[in-house]
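Everything below concerns the one structure shown next.
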Amino acid sequence: MTALLTLDNLSVSTGGKTLIHGLSFFLAKGERLGLIGESGSGKSLTALAATGLLPAGLSASGSAILAGTEVIGAPERQLNTLRGTAAAIVFQEPLTALDPLMRVGKQVAEPLSRRAKRDGKPLHGTALDEAVLALLTEVALPDPPRIARAYPHELSGGQRQRIAIAMALACKPDLLIADEPTTALDVTTQAEILALIDRLVRERNMALLFISHDLPVVANTVSRVVVLRQGEAVEAGTVADVFGNPQHDYTKSLLAAARSFDRALEGTP
Amino acid sequence: MTLIQVKNVDFGYSATRQILSDINLEIAPGDTVGLVGESGSGKTTLLRLLLGLARPDSGSITFDGQNLDTGNRAFMRQFRRQAQIVFQDPYSSLDPRQTIFSIIAEPLRSLKIDGDHRQMVAEALEAVGLDRDAATRYPHQFSGGQRQRIAIARAIVARPPFLLADEAVSALDLTTRTRIVDLLARLSAEMTLLFVSHDIGVVAALCRRIVILEKGRIVEQGETAKILKNPQHPYTQRLLASVPRLSVNEISS
């Protein structure tokens, strides 16, 4: 197995405070890994550090190798090429991730034409428009020509998240990072978006780094998980092992909480 | 006996768009009722009507047999002592510049309730599982779960018989959420609770009755156990099928 992303003893700190302590894991091509943790556990920071997107004031040490390139300490120029070919991110809140003043078709066209240029086959005019519509169709948006002309505020939350996913796909990444992609959505919409991510990852043979605090969602989406608590990995393994036979007390308490709502739904409290 | 009765209520913020249609609902004293719906279903609007913050376009709402007449100031003054609310986001619902004492005692002041406010606040803090010393501190010194406990303490300090909660646990982490649900379950033994949420799992864990709202209409209501076991309306069925569960995965893997 070739590793697409390898974190080795990655730490992130700010002003003497360590937010992530020596985190190590790897993700192979086409593999699905879940990062589980509650707020402040450092799961989003891990994704940002792995793609060189840490905000100013935060510094990373250790190693994060993405598609063969060391991200920690790499110059911005190099990272810019890496992001968008090796990895693309879908964020939690599609309303803030999209530009409110730009028609969504144009927003999808940007990464599409950038990627096409990099591949040496630039797209313009009608060819680009058609590629946008094809992508909107791929993320199962109804009436793509109408959606392409719409502004983000004219779309529903689920539709906006589909646009954000289309933009990530436009980069043709080897690794899709999804940071709480369904947390802001209704449950019925969540089910649709999860099914969409599942299909796309399979069809395009992408690796998936899925970040979430929602255990049942993670359990149904990925095959391996890392459980984070206050910046430290407390447990890692396959979903069946970690959820079926948790070792750490923290994992046990998370599972007990998730199970209590599960049981309530089954009517067997 | 009913505490709240909603009869044939229609409501819209503008004449062209109706938000709630033909709402019929009864809440018995001491009951715990979960109002479930997705965004835009009208949950919060219905809550606003029940709090007297908006007036139905047609139909009627009665509280304890009396018409919930937002124009009747004497009635409203008395009603406000009876019903209190907990909001979703404890970061924005607590004034950052007031001490916890001042925040929790606010209903006592505004409702002009006599008595030893220090003692009442201390009792409310104790009821939600916080230390009495918390009273002298400020909201930023507390975690999200603790803040939600403070918001609950504020809601129960005047000992209202009717507590409303609007997505009160949705912004909390999973383990914190179970603790707040346990707290609400404990408190609901002594009061009537209307718990509004998009999360049917939390409602199932907390509420005896359930009301399902879709696009401003009640599509199904009844005992939680019955609805979970045998949902009648296609929307309820879809809602239940959409909830991701751990158990499903464990069986398949």
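Condition test on residue B:241, is it facing another protein chain (nearest Cβ under 8 Å) and either under 29 Å from residue B:78 (Cα atoms) or free of Cβ contacts under 8 Å to residues at least 40 places away in the same chain (or both)?
In short, yes.
Based on this model, can you work out whether residue B:227 counts as under 21 Å from residue B:8 (Cα atoms) and surrounded by 20 or more Cβ atoms within 10 Å (Cβ to Cβ)?
No; evaluated as a whole, the condition is false for this residue.
Considering segment A:126-142 alone, what residues qualify as being of a type in the set (A, V, I, L, M, F, W, C) and part of a loop (DSSP other than H, G, I, E, B)?
Scanning segment A:126-142 gives A:139, A:140, A:141.
Within segment A:210-245, which residues are free of Cβ contacts under 8 Å to residues at least 24 places away in the same chain and either in a helix (DSSP H, G or I) or basic (Lys, Arg) (or both)?
Selection gives A:240, A:241, A:242, A:244.
Restricting attention to segment B:43-64, does a residue exist that is touching a Cys at 6+ places or on another chain (Cβ under 8 Å), over 18 Å from residue B:156 (Cβ atoms), within 14 Å of chain A (Cβ to nearest Cβ) and buried (at least 21 other Cβ atoms within 10 Å of the Cβ)?
No, that holds for no residue.
Quick one: in segment A:215-265, which of the residues that are more than 7 Å from chain B (Cβ to nearest Cβ) and under 26 Å from residue B:237 (Cβ atoms) is surrounded by the most Cβ atoms within 10 Å (Cβ to Cβ)?
Looking at residues that are more than 7 Å from chain B (Cβ to nearest Cβ) and under 26 Å from residue B:237 (Cβ atoms), I get A:218.
For segment A:1-40, name all the residues that are part of a loop (DSSP other than H, G, I, E, B) and either of a type in the set (Lys, Arg) or out of contact with any strand residue (DSSP E or B) (no Cβ under 8 Å at 6 or more places or on another chain) (or both).
Listed by number, the residues that qualify are A:15, A:16, A:29, A:39, A:40.
Inspect all residues belonging to segment A:132-146 and state whether any of them is more than 14 Å from chain B (Cβ to nearest Cβ), farther than 18 Å from residue A:205 by Cβ and of a type in the set (Ser, Thr, Tyr).
Checked segment A:132-146: at least one residue is more than 14 Å from chain B (Cβ to nearest Cβ), farther than 18 Å from residue A:205 by Cβ and of a type in the set (Ser, Thr, Tyr).
Looking at segment A:73-91, can you tell me whether even one residue there is over 19 Å from residue A:206 (Cβ atoms), in contact (Cβ under 8 Å) with a residue 60 or more places away in the chain and out of contact with any His (no Cβ under 7 Å at 6 or more places or on another chain)?
no
Among the residues in segment A:155-165, are any within 14 Å of chain B (Cβ to nearest Cβ) and within 13 Å of the chain's Cα centre (by Cα)?
yes
Let's see how each residue does on (1) β-branched (Val, Ile, Thr); (2) in contact with a Gly (Cβ under 6 Å, 6 or more places away or on another chain); (3) in a helix (DSSP H, G or I):
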position	(1), (2), (3)
A:162	no, no, yes
A:165	yes, no, yes
A:205	no, yes, no
A:247	no, no, no
A:256	no, no, yes
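I need a count of the residues in segment A:258-269 that are assigned to a helix (DSSP H, G or I) and not hydrophobic (A, V, I, L, M, F, W, C).
Residues that pass the stated criteria total 5.
Every residue in segment A:20-41 that is more than 14 Å from chain B (Cβ to nearest Cβ) and either closer than 25 Å to residue A:217 by Cα or free of Cβ contacts under 8 Å to residues at least 12 places away in the same chain (or both), please.
A:20, A:23, A:24, A:25, A:26, A:27, A:28, A:29, A:30, A:31, A:33, A:35
In segment A:145-157, what count of residues is obtained for those that are modelled with pLDDT of 90 or more and either surrounded by fewer than 19 Cβ atoms within 10 Å (Cβ to Cβ) or not in a helix (DSSP H, G or I) (or both)?
Final tally of qualifying residues: 8.
Do you know which residues across segment A:166-200 are in contact with a Phe, Trp or Tyr (Cβ under 9 Å, 6 or more places away or on another chain), more than 14 Å from chain B (Cβ to nearest Cβ) and of a type in the set (A, V, I, L, M)?
A:176, A:177, A:178
When you scan segment B:112-221 for strands (runs of 3 or more DSSP E) that lie fully inside it, which ones turn up with 1 or more residues that are away from chain A (no Cβ under 13 Å) and out of contact with any helix residue (DSSP H, G or I) (no Cβ under 8 Å at 6 or more places or on another chain)?
Where strands (runs of 3 or more DSSP E) fall fully within segment B:112-221 and carry at least 1 residues being away from chain A (no Cβ under 13 Å) and out of contact with any helix residue (DSSP H, G or I) (no Cβ under 8 Å at 6 or more places or on another chain), they are B:192-197, B:209-214.
Among the listed residues B:118, B:147, identify the single one that is surrounded by fewer than 18 Cβ atoms within 10 Å (Cβ to Cβ) and either among the aliphatic types (A, V, I, L, M) or farther than 27 Å from residue B:3 by Cα (or both).
B:118
Quick check on my filter: what residues within segment A:201-214 are more than 9 Å from every other protein chain (Cβ to nearest Cβ) and acidic (Asp, Glu)?
Residue satisfying the conditions is A:203 alone.
The values are calculated or read from the model by the stated rules, or taken from the named source; none is laboratory data. Worth saying up front: this structure is predicted, and the values here are computed from it rather than measured. Positions of Cβ are backbone-derived with ideal geometry, glycine not excepted, and every protein chain shown enters the neighbour counts.
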